[in-house]
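In what follows, a structure is listed as structure tokens, so that the remarks can point back to it.
The values are calculated or read from the model by the stated rules, or taken from the named source; none is laboratory data. Keep in mind that what you see is a predicted model, and the values were worked out from it rather than measured. FYI the Cβ positions are ideal-geometry reconstructions off the backbone, even for glycines, and counts take in every protein chain you see.
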Amino acid sequence: MSEDAVSRRDFAARLAAATGGIWLSRSLGGVSWRRDPLDARSANVGWRVLTRSERANVEAVASCIMPSDDSAGAREAGVVRFVDVALATWARDKRVVIRDGLAELDTRCKARWGRGPFAELADGEQEALLHEAEETAFFQTMRLFTAFGMFGDPRYGGNAGEAGWRLIGFEDRHRWQQPFGYYDGAASEGEE
Amino acid sequence: MTRPVSRKLFATDEMVDFVIVGSGAAGGIVAKELATAGSSVVVLEQGPRRDSVEFAHDELAAFVVGEMTNDPVDHPLSFRKSASEPAMRGTAQLLYHRLVGGGSVMFSGNYWRFRESDFIERTRCGAVPGSALADWPISYADLEPYYAKAEWELGVSGATGPFDPPRSRDYPLPPFPAKSSGVLFERGARSVGLHPQPTPLAILSRPYRGRTPCQHCGFCLNFGCEHGAKSSTLVTVIPTAEATRRCEIRSDSYVTRVEADARGRVSGVIYFDRKRVEQRQRARAVVLCCNGAETPRLLLLSASPRWPDGLANGNGLVGKHLMFNGLATASGMFEHPLNEHKGVVATRVAYDFYENDARRGFYGGGALDARAFAYPALFSLLLLPPDAPTWGREYKRMLREYYTRTMSVTGHSTSLPVESNSITLDPDLRDAWGVPAIRVTYRDHPDDLATMRFLQDRAVEVLEAAGAKKVWRVPVQEQTFTTHILGTCRMGSDARTSVVDTDHRTHEVSNLFICDGSNLVTSGRGQPTATIQALAYRAGERIAALARRGEL
């Protein structure tokens with residue numbers, strides 16, 4: 001891994017280790033991301049920023065980051081809808097880096113295999129190109145978008161049907177009762 | 001649902017007894033003490049006012065869009081490790097929250113008293129080379145009644161343990177039961193000879209004074225409590241202050257200057273209102289409760305021909321001795337789900353390493369607690385082990401395995417006061433209002449790093465002893481991020497070496513007071529909110545007494 005990747009990851013990990021808080025935009029260029037009131041869950045909301053071909057490629061990138069298998073991935077969670085809403089509202093400053101990144105992927109497809117677009121490459125080919133793109137602001141932004149598109153509040157357009165939350169075992173509730181997990185359950189039953 | 005708006009009581013050209021700048025952990029308490037003592041008070045809060053029911057479990061709003069926190073465009077800051085390098089934007093973060101109630105709305109609720117030794121470390125440990133370690137001008141015994149007052153008035157849950165300092169009163173509320181991380185921590189800590197106990201928390205474990213207890217939703221740290229169970233100033237002393245009809249909380253009011261008259265006394269403050277129009281609020285006295293970064297910044301912004309280096313800064317110490325607290329974490333994954341996304345942040349703590357121990361070869365001490373940072377989107381992005389892939393099939397598999405099975409043991413420790421660690425004004429960078437931005441100069445003292453590494457090693461031992469299947473850590477490095485901003489207007493009896501006296505009055509300006517994290521002489525071992533709030537209760541009482549005697 002290059003110096004930049006290590007330092008960026010260490011930096012992010014250091015932020016995480018300081019469990020007082022995490023400031024993600026700091027590690028992605030410090031852009032102000034304004035939030036507009038929105039609720040993007042309606043199926044009647046049309047696409048706002050991404051063209052058809054951009055949507056296919058964005059979904060393909062997100063599906064490499066969080067693949068679909070016997071369980072939901074970025075595709076089922078609607079990460080591409082999340083990205084479209086984000087680029088229309090609170091992350092409009094990221095349109096350039098996303099579009100530039102998609103264009104670069106397109107260039108590399110053609111240069112390496114003489115065909116494209118990215119969305120139509122085989123899985124292994126897509127992954128090979130993304131390994132090369134790991135250090136870029138484009139890929140790091142897509143990681144951020146995929147994380148919040150999978151596991152953020154569905155009102156932002158992703159995590160469709162809470163598929164992301166169910167994937168990892170999170171549920172959003174206002175109230176829980178103990179036992180919360182196995183070990184406080186075992187304790188309350190008198191084991192150990 | 002309508003948003004509550006503070007009813008305006010005072011016209012801006014009306015002279016009030018006190019302007020308090022900042023409505024957070026300290027400002028809310030000082031406002032309540034002064035208003036109930038009979039003074040007229042206007043609290044100017046930079047951020048908006050939110051009601052408990054508005055607080056949502058929204059990671060994007062909290063961490064990315066940065067509502068109510070330091071938006072890097074509106075509120076940029078610059079960072080450098082020392083004055084010999086240029087300060088850069090985007091390399092560090094001071095995290096604090098701009099809203100009525102401030103950090104007391106958003107903090108984890110962890111609530112640790114200082115110990116007797118914290119107040120006399122210079123005497124006990126001697127000078128530490130490369131630091132300005134000093135004794136406090138007050139003792140634990142002086143502050144103890146106010147710790148008790150804070151715990152009972154605000155609502156703090158806990159139980160005494162083997163290392164506790166003397167207490168005049170027990171906790172008003174019983175401790176939270178251990179959640180899975182606490183159970184595992186107890187198991188591991190005991191087996192390596194430590195003495196874990198329940199964590200003190202400014203969160204209600206039972207109904208208290210008409211407030212709803214904790215419902216274990218899991219969204220404490222960096223989120224407001226939708227139930228009002230976290231004992232923030234927003235749901236405790238601020239309503240009490242307002243009920244006197246002598247206190248107005250004026251939100252969306254960004255103070256940029258404290259004005260002083262020809263006699264060298266403060267006369268009021270200048271602030272931007274919600275529409276970014278400048279206003280002046282006149283006052284007979286001013287109390288700064290902004291936090292350890294914004295308070296020195298405001299004094300520096302208030303420079304004048306009489307105070308060329310900043311208001312009340314004749315000795316040049318405003319902004320200096322910035323301390324962060326140390327923080328070092330180890331994490332572990334266990335066989336069965338813990339589900340740390342439920343419940344309060346931390347339920348068990350071990351204070352065995354609190355005291356300084358010269359045999360270690362370095363100054364410092366701290367505590368270990370069992371906690372987890374389990375917000376789903378952030379976990380997926382940042383909290384798998386450092387050697388895990390960050391995307392792809394194996395990443396997804398690990399995420400599904402680790403998310404519910406992971407916990408951390410975190411060491412919280414000391415920061416030495418170092419004069420070159422400071423808050424100053426950036427000469428070039430300005431915020432969205434055109435006001436000079438904060439420049440942070442900070443480098444951990446080598447003893448602080450040694451203490452963090454020591455505690456991280458102990459944390460690994462505890463996790464291994466608890467039976468973790470896998471344990472990992474991120475190596476301790478010089479810190480560039482904090483939520484604990486301390487020491488920058490230190491308290492002291494000697495006007496040459498401190499900024500405020502034991503009444504929190506600035507040495508140089510008789511009607512200007514400071515009460516917040518900037519007053520701390522030593523950093524303590526972490527979780528400074530309890531000490532800041534005890535100081536605020538004491539300061540409120542003493543300032544009210546000065547006002548009553550006409551000595552302002």
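The set of residues from the stretch B:115-137 being in contact with a Gly (Cβ under 7 Å, 6 or more places away or on another chain) and within 20 Å of B:Phe353 (Cβ to Cβ) comprises just one member, B:Asp118.
Enumerate the pairs (first residue in the stretch A:50-65 and closer than 27 Å to B:Arg397 by Cβ; second residue anywhere and buried (at least 23 other Cβ atoms within 10 Å of the Cβ) and of a type in the set (S, T, N, Q)) with beta-carbon separation below 7 Å, excluding pairs fewer than 6 apart on the same chain, so at least 6 apart or on different chains. Pairs found: A:Ala62/A:Thr146; A:Ile65/A:Thr146. Take B:Gly310 and tell me if it is more than 30 Å from B:Gly126 (Cβ to Cβ), of a type outside the set (S, T, N, Q) and more than 14 Å from chain A (Cβ to nearest Cβ). Considered against the rule, which asks whether it is more than 30 Å from B:Gly126 (Cβ to Cβ), of a type outside the set (S, T, N, Q) and more than 14 Å from chain A (Cβ to nearest Cβ), B:Gly310 comes out as yes.
Across the stretch B:193-244, the qualifying residues are those that are of a type in the set (Val, Ile, Thr), in a helix (DSSP H, G or I) and buried (at least 19 other Cβ atoms within 10 Å of the Cβ), and the one among them that is nearest to the other protein chains (Cβ to nearest Cβ) is B:Val235. Residue pairs whose Cβ atoms lie under 6 Å apart, separated by 6 or more positions or on different chains, with the first residue in the stretch B:66-82 and within 13 Å of B:Val435 (Cα to Cα) and within 7 Å of another protein chain (Cβ to nearest Cβ) and the second in a loop (DSSP other than H, G, I, E, B) and not acidic (Asp, Glu), are B:Val73/A:Ser32; B:Asp74/B:Ala432.
Check A:Gly164, A:Gly169, A:Gly185, A:Gly181 and return the single one that is under 29 Å from B:Arg405 (Cα atoms), within 13 Å of another protein chain (Cβ to nearest Cβ) and touching a residue at least 12 places away in the same chain (Cβ under 8 Å). Of A:Gly164, A:Gly169, A:Gly185, A:Gly181, the one residue that is under 29 Å from B:Arg405 (Cα atoms), within 13 Å of another protein chain (Cβ to nearest Cβ) and touching a residue at least 12 places away in the same chain (Cβ under 8 Å) is A:Gly164. For beta carbons closer than 6 Å, sequence separation of 6+ or different chains, a first residue in the stretch A:76-90 that is over 13 Å from A:Asp153 (Cβ atoms) and a second that is β-branched (Val, Ile, Thr), the qualifying pairs are A:Val79/A:Thr146; A:Val80/A:Val58; A:Val83/A:Val58; A:Asp84/A:Val49; A:Leu87/A:Val49; A:Ala88/A:Val49. Cβ separations smaller than 8 Å between residues 6+ apart or across chains give the following pairs from the stretch B:132-152 residues that are hydrophobic (A, V, I, L, M, F, W, C) to residues that are surrounded by fewer than 21 Cβ atoms within 10 Å (Cβ to Cβ) and part of a helix (DSSP H, G or I): B:Leu133/B:Arg122; B:Leu133/B:Cys125; B:Ala134/B:Arg122; B:Trp136/B:Ile120; B:Ala141/B:Glu116.
The combined condition, being free of Cβ contacts under 8 Å to residues at least 40 places away in the same chain, in contact with a strand residue (DSSP E or B) (Cβ under 9 Å, 6 or more places away or on another chain), more than 14 Å from chain A (Cβ to nearest Cβ) and among the acidic types (Asp, Glu), is fulfilled by B:Glu278. Which residues, taken from the stretch B:386-422, are of a type in the set (Ser, Thr, Tyr) and more than 10 Å from chain A (Cβ to nearest Cβ)? B:Thr406, B:Ser413, B:Thr414, B:Ser415, B:Ser420, B:Ser422, listed by residue number. Inclusion of A:Gly116 among residues that are within 17 Å of A:Ser63 (Cβ to Cβ), more than 10 Å from every other protein chain (Cβ to nearest Cβ) and not in a helix (DSSP H, G or I) is warranted. Scanning the stretch B:321-335 for any residue that is of a type in the set (D, E, K, R), at negative phi and touching a strand residue (DSSP E or B) at 6+ places or on another chain (Cβ under 6 Å) turns up nothing. When the residues of the stretch B:323-349 are filtered to those that are among the small types (Gly, Ala, Ser) and farther than 29 Å from B:Gly130 by Cα, the one that is nearest to the other protein chains (Cβ to nearest Cβ) is B:Gly343. Restrict the check to the stretch A:123-142 and report whether at least one residue is among the acidic types (Asp, Glu), over 30 Å from B:Ala178 (Cβ atoms) and away from chain B (no Cβ under 12 Å). Yes, because at least one residue in the stretch A:123-142 is among the acidic types (Asp, Glu), over 30 Å from B:Ala178 (Cβ atoms) and away from chain B (no Cβ under 12 Å). In the stretch A:140-161, which residues are free of Cβ contacts under 8 Å to residues at least 60 places away in the same chain and among the aromatic types (Phe, Trp, Tyr)? Of everything in the stretch A:140-161, just one residue is free of Cβ contacts under 8 Å to residues at least 60 places away in the same chain and among the aromatic types (Phe, Trp, Tyr), namely A:Phe151. Residues in the stretch B:405-422 that are buried (at least 24 other Cβ atoms within 10 Å of the Cβ) and either more than 24 Å from the chain's Cα centre (by Cα) or at pLDDT below 95 (or both): 1 in all.
Which members of the stretch B:276-333 meet the condition of being of a type in the set (S, T, N, Q) and within 28 Å of B:Ala544 (Cβ to Cβ)? Give the steps one after another, and end with the answer.
As a first pass, look at the stretch B:276-333 and keep what is of a type in the set (S, T, N, Q): B:279, B:281, B:291, B:295, B:302, B:304, B:313, B:315, B:325, B:329, B:331.
Within the stretch B:276-333, B:Gln279, B:Gln281, B:Asn291, B:Thr295, B:Ser302, B:Asn313, B:Asn315 qualify.
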